[in-house]
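The values are calculated or read from the model by the stated rules, or taken from the named source; none is laboratory data. Since we're looking at a predicted model, the values are computed, not measured. Note: ideal-geometry Cβ built from the backbone for every residue, glycine included; neighbour counts use all protein chains shown. The protein model used for the area step is the full one, side chains on, heavy atoms only, and it has no ligands, DNA or RNA in it. Shrake-Rupley method; radii C 1.70, N 1.55, O 1.52, S 1.80 Å.
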Amino acid sequence: MSEQSRRPRRPAKPYRRPQKDPVRILAFEALRAVDERDAYANLVLPPLLRKAREKEGPEKFDARDAALATELVYGTLRRQGTYDAIIATCVDRPLREVDPPVLDVLSLGVHQLLGTRIPSHAAVSASVELARVVLGDGRAKFVNAVLRKVAQDDLEGWIARVAPAYDDDPEDHLAVVHSHPRWVVSALWDSLGGGRTGIEELLAADNERPEVTLVARPGRATTEELLREDAAVPGRWSPYAVRLTEGGEPGAVPAVREGRAGVQDEGSQLVARALADAPLEGRDEKWLDGCAGPGGKAALLAALAAERGASLLASEKQPHRAGLVAKALHGNPGPYQVIAADGTRPPWRPGTFDRVLMDVPCTGLGALRRRPEARWRRRPEDLDTFAPLQRALLRTALDSVRVGGVVGYATCSPHLAETRAVVQDVLKQRPDTKLVDARPLLPGVPELGEGPDVQLWPHLHGTDAMYLALIRRTG
């Protein structure tokens, strides 16, 4: 018998089941939904969190669990571009060859390492355990190796290594540092007017978690009622706005549950109020929201119309979105109607309305704080798809308003191709129209530019980047 055969065998290492971490598993599931189904995190995450809160036993979420899961999902999506650049230097293959589920686990791990206060050893360990649960032991070893490389430096050190110098390529530098696609950086820069002033502040603001903002719908709720909620403070600009400074669960607010109040960005509230307050010549009885889904602006407009004895027609092309509008308007104190109709082929007669809001479909580049995945999903060619529709809807709005009435053209994008270019192109063909200075209709709001249109900004106003042009029909 050989020496080797006489040596006692080392006992096999017992198999250890991977430890399930409900918070990180939920975050992974949300990222997979965003990637696989083109879902939006702000629509996917709430039902996942609600289901986790309803569970019994160790998998039931408390407030801290929900906060961590939310931070992991949104933080990972916001910083995806930066994290991809870092991961790319730590793997032995092109990033496109890494399986998407593996990349999601790696991105979650990198965010914990570089974007949170979670200790490095805990971030790596938790990510490897997640990989064992959702990917298997083999891929978990790969995740472990990559994250140990990432853990060797902090975010500032990694950015210095992976981002080109600003002087060599300013757009690419900002794209990597602030995690935006290069074409979006370029578009936002143009919208700000060029020059370095403001662009870094804007990109940084896009990566900050926005506060939850509520709207007290006039005649149905008051800001005083909403301010009785925990950590609630008045809005900055809108008289109907209340901010929940510590996040908070809007569904827990009675007025929101009952539909008397809603969740609505302050920029959106300002657009509706400005249209409602624009001076008119003649009657003020019939209002139109021509692209009403999902119903936030329509609900505020309907409430404001009711105060004056006016009625609102809310039109939305997609039937399921029209259903959301009807839900938002349910209980409005004044007359209203919700219809499913194509705004480019309207069923109403020309010149019917006194006030018309046309908040057109767009790229959504103004709401990247709330929908961080949109920056990676949109492409420059999307502008070519939206452009004809935006112009057609504005033409419909101008046809729909009576002489002396006012149209509000709005979009949640600051891209010049979706804002001023649309307005200028359409008005060139409409000598019967005149731009109205919108700035006085946003009282107290600073830095509104030279007018007559208005562009709001996250870094200047704490709102989404809403655009508004007010147009009077003169003949």
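Could you tell me which of the residues G296, G235 is buried (at least 20 other Cβ atoms within 10 Å of the Cβ) and under 18 Å from the mean Cα position of the chain (by Cα)? Give the derivation first.
Working: G235 fails: under 18 Å from the mean Cα position of the chain (by Cα).
Criteria check complete, one pass: G296.
Residue by residue through region 182-210, note down the ones that are assigned to a loop (DSSP other than H, G, I, E, B), open to solvent by 40 Å² or more (accessible area, probe 1.4 Å) and in contact (Cβ under 8 Å) with a residue 60 or more places away in the chain. Give the steps one after another, and end with the answer.
Taking region 182-210 as the starting set, the residues that turn out to be assigned to a loop (DSSP other than H, G, I, E, B) are 193-198, 207-210.
In the following step, the residues that additionally are open to solvent by 40 Å² or more (accessible area, probe 1.4 Å) were identified as 193, 195-197, 208-209.
Once the filter is applied, which keeps residues that are assigned to a loop (DSSP other than H, G, I, E, B), open to solvent by 40 Å² or more (accessible area, probe 1.4 Å) and in contact (Cβ under 8 Å) with a residue 60 or more places away in the chain, region 182-210 yields E208, R209.
Can you go through V401, V338, V325 and tell me which one is in contact (Cβ under 8 Å) with a residue 60 or more places away in the chain and either touching a strand residue (DSSP E or B) at 6+ places or on another chain (Cβ under 8 Å) or of a type in the set (G, A, S) (or both)?
Working: V338 fails: in contact (Cβ under 8 Å) with a residue 60 or more places away in the chain; V325 fails: in contact (Cβ under 8 Å) with a residue 60 or more places away in the chain.
Criteria check complete, one pass: V401.
Among the residues of region 363-401, which ones are among the charged types (D, E, K, R) and either crowded, with 19+ Cβ neighbours inside 10 Å or closer than 30 Å to V73 by Cβ (or both)? Working first, answer last.
Initial filter on region 363-401 (among the charged types (D, E, K, R)): 369-371, 373, 375, 377-379, 381-382, 384, 391, 395, 399.
R369, R370, R371, E373, R375, R377, R378, R379, E381, D382 - these are the residues of region 363-401 that are among the charged types (D, E, K, R) and either crowded, with 19+ Cβ neighbours inside 10 Å or closer than 30 Å to V73 by Cβ (or both).
Can you pull out the residues in region 452-471 that are assigned to a strand (DSSP E or B) and either over 14 Å from L202 (Cβ atoms) or open to solvent by less than 10 Å² (accessible area, probe 1.4 Å) (or both)? Outline the logic, then answer.
Start the filter on region 452-471 by keeping residues that are assigned to a strand (DSSP E or B), which leaves 454-455, 467-471.
Answer for region 452-471, where residues must be assigned to a strand (DSSP E or B) and either over 14 Å from L202 (Cβ atoms) or open to solvent by less than 10 Å² (accessible area, probe 1.4 Å) (or both): V454, Y467, L468, A469, L470, I471.
Find the strands (runs of 3 or more DSSP E) located wholly in region 349-446 whose residues include 2 or more that are hydrophobic (A, V, I, L, M, F, W, C) and under 22 Å from the mean Cα position of the chain (by Cα), and list them. Don't jump to the end; show me each part of the working.
Working: elements: 353-359, 401-411, 433-436.
Output list reads 353-359.
Somewhere in region 52-70, is a residue more than 20 Å from L368 (Cβ to Cβ), open to solvent by less than 40 Å² (accessible area, probe 1.4 Å) and aromatic (F, W, Y)? Give the steps one after another, and end with the answer.
Step one: list which residues in region 52-70 are more than 20 Å from L368 (Cβ to Cβ), which gives 52-69.
Still in the running and open to solvent by less than 40 Å² (accessible area, probe 1.4 Å): 52, 61, 66, 69.
Those left that are additionally aromatic (F, W, Y): 61.
The answer is yes, given that some residue of region 52-70 is more than 20 Å from L368 (Cβ to Cβ), open to solvent by less than 40 Å² (accessible area, probe 1.4 Å) and aromatic (F, W, Y).
Does region 332-348 hold any residues that are of a type outside the set (S, T, Y), assigned to a loop (DSSP other than H, G, I, E, B) and either at pLDDT 95 or above or open to solvent by less than 40 Å² (accessible area, probe 1.4 Å) (or both), and which are they?
So in region 332-348, the residues of a type outside the set (S, T, Y) come out as 332-335, 337-343, 345-348.
Retained after the next criterion (residues that are assigned to a loop (DSSP other than H, G, I, E, B)): 332-335, 341-343, 345-348.
Selection gives N332, G334, P335, A341, D342, G343, R345, P346, P347, W348.
Please identify the pairs in which a residue from region 346-359 that is within 14 Å of R283 (Cβ to Cβ) has its Cβ atom under 8 Å from the Cβ atom of a residue that is among the β-branched types (V, I, T) and open to solvent by 30 Å² or more (accessible area, probe 1.4 Å), counting only partners at least 6 apart or on another chain.
G351/V403
Being part of a helix (DSSP H, G or I), in contact with an Asp or Glu (Cβ under 9 Å, 6 or more places away or on another chain) and open to solvent by 40 Å² or more (accessible area, probe 1.4 Å), is that true of even one residue in region 162-172? So that I can check it myself, show each step before the final result.
If we filter region 162-172 for residues that are part of a helix (DSSP H, G or I), which is where we start, we get 162, 170-172.
From what's left, in contact with an Asp or Glu (Cβ under 9 Å, 6 or more places away or on another chain): none.
No, region 162-172 contains no residue that is part of a helix (DSSP H, G or I), in contact with an Asp or Glu (Cβ under 9 Å, 6 or more places away or on another chain) and open to solvent by 40 Å² or more (accessible area, probe 1.4 Å).
With the requirement that a residue be more than 25 Å from E71 (Cα to Cα) and either modelled with pLDDT of 95 or more or under 22 Å from the mean Cα position of the chain (by Cα) (or both), what does region 185-218 give you? Reasoning before the result, please.
Initially, region 185-218 is screened for residues more than 25 Å from E71 (Cα to Cα), giving 186-198, 216-218.
Correct list: S186, A187, L188, W189, D190, S191, L192, G198, A216, R217, P218.
Look through region 321-337, keep the residues that are touching a helix residue (DSSP H, G or I) at 6+ places or on another chain (Cβ under 7 Å) and aliphatic (A, V, I, L, M), and return whichever of them is nearest to E285 (Cα to Cα).
In this case the residue turns out to be L329.
Quickly run through region 75-121 and pick out the residues that are of a type outside the set (A, V, I, L, M), more than 25 Å from L45 (Cα to Cα) and either under 23 Å from the mean Cα position of the chain (by Cα) or surrounded by 14 or more Cβ atoms within 10 Å (Cβ to Cβ) (or both).
Within region 75-121, C90, S120 meet the criteria.
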